[in-house]
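Colleague: This is the structure, below, for whatever I ask next.
The values are calculated or read from the model by the stated rules, or taken from the named source; none is laboratory data. If you're wondering where the values come from, they're calculated on a predicted model, not measured in any experiment. A quick note on method: Cβ atoms are made from the backbone with ideal geometry, for glycine too, and the neighbour counts reach across all protein chains shown. SASA here: full protein model, heavy atoms, side chains in, ligands and nucleic acids out. Shrake-Rupley method; radii C 1.70, N 1.55, O 1.52, S 1.80 Å.
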Amino acid sequence: MARKRMPTAVELRCGGGSGHLALARVGIRVSLAVDFDPEKRATYARNFPGTRLDGRAIERIRGRELGRPDLLLDSPSCQPF
């Protein structure tokens, strides 16, 4: 019996990774996470050390660099209050 391929996602403005956690719970693997903020990236890297993390602004990333994910998740930025 052939194994099913696990769906993949790219997570833009990933923050600390709450989107990653939700995706993992439904069987989706995050292949790339992107966040410009160094503190958010540090938190994400601690929470999900096996996920490739890109620190560029999303405007600087070309579509072909995202690969061919099944899902593109773009979380709204959290604003400090």
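Colleague: Considering amide H positions built from the backbone, and no H for Pro or chain starts, which residues 5 or more places from V30, or on another chain, come under 5 Å of its amide H?
Modeller: Correct list: A9.
Colleague: Still on this structure, I have one more. Expressed in nm², what is the orientationally averaged projection area of the convex hull enclosing the Cα positions of the stretch 36-81?
Modeller: About 4.1 nm², averaged over all directions.
Colleague: Now a separate question. Any idea what angle helix 38-47 forms with the longest principal axis of the chain, computed on alpha-carbon atoms, 0 to 90 degrees, nearest 10?
Modeller: The angle comes out near 30 degrees.
Colleague: Over the chain, how many percent of alpha carbon pairs lie in each 5 Å bin up to the one with the longest distance?
Modeller: Pairs per bin, as whole percents: 3, 15, 28, 24, 16, 7, 3, 2, 1, 0, 0.
Colleague: Peptides 27-37, 62-72: what's the order by average Cβ count within 10 Å, highest mean first? Walk me through the numbers on the way to the answer.
Modeller: Details: 27-37: 19.1, 62-72: 10.8.
Listed from highest to lowest mean packing, they are 27-37, 62-72.
Colleague: Something else now. Step through the residues of the stretch 60-67 one at a time and calculate ³J(HN,Hα) from phi using the Karplus curve (6.51 cos²θ - 1.76 cosθ + 1.60, θ = phi - 60°), rounding each to whole Hz and writing x for Gly and Pro.
Modeller: So the Karplus estimates, Gly and Pro as x, are 8, 9, 7, x, 5, 6, 7, x Hz.
Colleague: When the accessible area of the chain is split by element with a 1.4 Å probe, what percent falls to carbon and sulfur? Write down the numbers at each step before the final one.
Modeller: On the way: 3250 of 6010 Å².
Ligands and nucleic acids excluded, carbon and sulfur give 54 percent.
Colleague: So if I place +1 on the C-beta of Lys and Arg and -1 on the C-beta of Asp and Glu, and nothing else carries charge, what would the dipole magnitude of the chain be about its Cα centre? I want it in debye, nearest 20.
Modeller: Values: 15 positive and 9 negative charges, 92 e Å.
The calculated dipole for the chain is roughly 440 debye.
Colleague: Quick one: 3J(HN,Hα) in Hz for the stretch 28-34, Karplus 6.51/-1.76/1.60 with θ = phi - 60°, rounded, Gly and Pro as x.
Modeller: Taking θ as phi minus 60°, the curve returns 10, 8, 7, 8, 7, 10, 10 Hz for the stretch 28-34.
Colleague: Of the options S18, G63, T43, report the single residue whose Cα projects farthest towards the positive end of the charge dipole of the chain (beta-carbon charges: Lys, Arg +1; Asp, Glu -1).
Modeller: Sorting the options by dipole projection puts first G63.
Colleague: Could you give the accessible area per residue of the chain, probe 1.4 Å, as a whole number in Å²? Mind dumping the intermediate values first?
Modeller: Values: 6010 Å² over 81 residues.
Result: 74 Å² per residue.
Colleague: In terms of modelled amide H atoms, which long-range or inter-chain residues lie less than 5 Å from the amide H of D54?
Modeller: Correct list: A33, V34, D35.
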